[in-house]
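What follows is a short report on a single structure.
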Amino acid sequence: MKYILGFMVLMAVPAVASEDIADQYPQSVLYSKPVEVIPHIYTATGATAPPTYENAGHNNNLSFIVTGDGVVVVNAGASYRLARALHDEIRAVTDQPVKLVIDENGQGHAMLGNNYWIAQGVPVLAHVDAAAEFEHSAAQAHEALKVYARENAEGTVPMGPTETFTDQKTIEMGDFTIEVLHLGPAHSPGDTQVWIPAQSFMIAGDIAFQERLPPIFADTCTACWIETWETKFEPLNPTWVIPGHGHPTNLAQVRRYTRDYLVDLRDKIGAYIDAGGDLAGAYYVDQSNWAHLDTFEELATKNAGIVFAEMEFE
Ligand SMILES: [Zn+2]
């Protein structure tokens with residue numbers, strides 16, 4: 001009986017992306033197959049886990065818009081092979097050629113696939129700060145890829161974008177008007193949001209997370225992230241949101257698991273500093289509200305230490 005119950009518990013695990021669940025698309029190097037979220041806008045949801053051999057670094061969302069006069073891809077992905085696999089999926093749903101790739105930021109999982117697209121003659125657009133970030137970190141990101149992805153790193157050669165923008169850029173293509181935005185500082189340099197106003201559809205990039213804990217980096221300003229969220233991101237009031245990580249959802253959900261997390265962590269660290277706490281104990285402030293999220297084990301204490309360092313002198 002005990003064994004039967006154990007089996008039933010296993011069967012009851014929900015079918016969401018998690019580091020505990022096997023690859024959802026074993027026929028492809030992609031972690032999951034793209035789905036059409038609303039007409040003509042697709043996304044392949046990445047594993048809500050760190051990059052591993054099993055997910056091949058497909059742990060963020062790779063999206064595309066079939067405009068009627070060409071395809072716009074959002075994120076080149078973590079490798080040449082991931083970019084190529086996404087291209088295979090695009091060809092399966094349309095004959096329209098890919099005309100533009102937009103990278104969400106300067107991290108490896110946004111840009112290491114650039115060289116696949118550049119080899120196809122497709123321009124790659126990123127924010128100027130994301131391009132600078134990638135130039136600085138690409139060699140290290142490429143080394144990490146080779147270690148975890150092994151043969152799936154083959155073909156990858158770090159290349160920055162072929163075009164950059166500063167404030168925003170509007171793309172008119174087919175039936176779509178696409179606004180490529182940099183709303184302000186958030187998760188990493190040059191964070192880019194792809195906003196499709198007529199459909200009220202936001203491909204948010206790493207300003208927005210759900211299902212897994214957001215990572216906070218040493219150069220992340222969490223106060224700025226919250227300000228950008230409240231003054232620039234949320235007023236756009238998208239009906240649909242594809243976050244940087246986690247399934248397509250709505251604004252309330254990404255607010256809860258991104259903005260609310262940052263506010264809660266800053267409240268806890270602020271109270272801890274007011275009580276005279278030092279860095280050694282800051283790692284262990286209470287984050288139990290978020291313990292059910294994927295990557296909690298990997299990131300919670302690290303995030304707390306970084307926010308302590310940020311807030312210590314505020
Ligand atoms: Zn990301």
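The values are calculated or read from the model by the stated rules, or taken from the named source; none is laboratory data. Keep in mind that this is a model prediction, so the values were computed, not measured. Quick reminder, even Gly has a Cβ in these numbers, built from the backbone with ideal geometry, and neighbours come from all protein chains shown.
Data overview
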quantity	calculated
Residues located in the stretch 198-220, provided they are assigned to a strand (DSSP E or B) and within 12 Å of the ligand (Cβ to nearest atom)	Ala204, Gly205, Asp206, Ile207, Ala208, Phe209, Arg212
Yes/no for Ala280 being without any contact (Cβ under 8 Å) to a residue 12 or more places away in the chain and assigned to a helix (DSSP H, G or I)	yes
Pairs where the first residue, in the stretch 196-221, is among the basic types (Lys, Arg) and the second is modelled with pLDDT of 95 or more and within 10 Å of the ligand (Cβ to nearest atom), C-beta under 6 Å, 6+ apart	Arg212/His245
Long-range neighbours under 8 Å by Cβ, at least six apart or interchain, first residue part of a strand (DSSP E or B) within the stretch 175-193, second more than 16 Å from the ligand (Cβ to nearest atom) and basic (Lys, Arg)	Glu179/Lys169; Val180/Lys169
Condition check for Ala223: in a helix (DSSP H, G or I) and among the small types (Gly, Ala, Ser)	yes
Flag for Thr192 being over 16 Å from Asn105 (Cβ atoms) and either crowded, with 21+ Cβ neighbours inside 10 Å or of a type in the set (Ser, Thr, Tyr) (or both)	no
Some residue of the stretch 144-157 being touching a residue at least 40 places away in the same chain (Cβ under 8 Å), in a helix (DSSP H, G or I), within 16 Å of the ligand (Cβ to nearest atom) and among the aromatic types (Phe, Trp, Tyr)	yes
Selection count where residues are on the phi > 0 side of the Ramachandran plot and of a type in the set (D, E, K, R), scope the stretch 201-260	1
Residue count, the stretch 65-121 (criterion: crowded, with 19+ Cβ neighbours inside 10 Å, under 26 Å from Arg150 (Cα atoms) and more than 21 Å from the chain's Cα centre (by Cα))	1
Complete set of residues in the stretch 179-193 that are among the hydrophobic types (A, V, I, L, M, F, W, C) and within 14 Å of the ligand (Cβ to nearest atom)	Ala186
Sole exception among (1) at pLDDT below 95; (2) closer than 23 Å to Thr45 by Cα for Ala204, by number	(1)
Within the stretch 127-154, tally of residues that are closer than 18 Å to Asp103 by Cβ and not hydrophobic (A, V, I, L, M, F, W, C)	8
